[in-house]
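J.: First the structure, which I've put down as structure tokens, then a few questions once you've had a look.
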Amino acid sequence: MAAADLLRASSAAFVDLARLVFLLSRSWSAEALDLCRRRVDRIHDLDARAVERLAALG
């Protein structure tokens with residue numbers, strides 16, 4: 001996957017996380033926190049892969 005695609009996916013995942021936080025803000029259970037943690041892990045993975053791709057360009 002190209003860096004631009006990874007960055008687009010990261011941006012979409014960030015919007016998804018924001019939506020999830022909004023929807024779950026009234027019921028902060030352990031399950032809700034785990035869902036958010038998994039979304040953050042996904043964003044981190046996408047961003048790390050994008051950085052690797054961008055570094056390879058230079």
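The values are calculated or read from the model by the stated rules, or taken from the named source; none is laboratory data. Just so you know, these numbers come straight off a predicted model, no measurement behind them. Neighbour counts run over all protein chains shown; Cβ positions are idealised from the backbone, glycine included. What goes into the accessible areas is simple: the full protein's heavy atoms, side chains included, and nothing from ligands, DNA or RNA. Shrake-Rupley method; radii C 1.70, N 1.55, O 1.52, S 1.80 Å.
J.: Pick from 18, 30, 48: which is most flexible by mean-square fluctuation in a GNM of the chain where alpha carbon atoms under 10 Å apart are linked?
T.: Comparing 18, 30, 48 in the GNM, the peak value goes to 30.
J.: Could you work out the local net charge near residue 17, counting Lys and Arg as +1, Asp and Glu as -1, over the other residues with Cβ closer than 12 Å to its Cβ?
T.: Local net charge: +3.
J.: Another one. Does anyone have the angle between helix 3-24 and the longest principal axis of the chain? Alpha-carbon axes, 0 to 90°, nearest 10?
T.: 10
J.: Here is a follow-up. Taking Cα atoms, how many degrees apart are the long axis of helix 30-57 and the longest axis of the chain, rounded to 10 and kept between 0 and 90?
T.: Orientation of helix 30-57: about 10 degrees from the principal axis.
J.: Something else now. Could you give the size of the charge dipole of segment 1-48 about its Cα centre, using +1 on the Cβ of each K and R and -1 on the Cβ of each D and E, expressed in debye and rounded to the nearest 20?
T.: 180
J.: Leaving out ligands, DNA and RNA, what percent of the accessible area of the chain is carbon and sulfur, probe 1.4 Å?
T.: 62
J.: How large is the accessible surface per residue of the chain, computed with a 1.4 Å probe and reported in Å² as a whole number?
T.: 74
J.: Return the loop-located chymotrypsin sites (Phe, Trp or Tyr not before Pro) in segment 2-58 (DSSP other than H, G, I, E, B) with at most 15 other Cβ atoms within 10 Å of their own Cβ; answer none if there are none.
T.: For chymotrypsin sites (Phe, Trp or Tyr not before Pro) across segment 2-58 that sit outside H, G, I, E and B with at most 15 neighbouring Cβ atoms in 10 Å, the list reads 28.
J.: Could I ask something else about it? Regarding the chain, what is the average projected area of its C-alpha convex hull, in nm²?
T.: 3.8
J.: Using +1 at the Cβ of each Lys and Arg and -1 at the Cβ of each Asp and Glu in the chain, identify which of 48, 12, 27 lies farthest towards the dipole's positive end.
T.: Going by the charge dipole, the pick is 27.
J.: Suppose only helical runs count, i.e. DSSP H with n ≥ 4. What mean residue ellipticity at 222 nm does that imply for the chain under -39500 (n - 2.57) per run, divided by all residues and rounded to the nearest 500 deg cm²/dmol?
T.: Value at 222 nm, helices only, nearest 500: -30500 deg cm²/dmol.
J.: Let me ask another. How far apart, in nm, are two points set 7 Å out from the Cα along the Cα-to-Cβ line at residue 33 and at residue 19?
T.: 2.5
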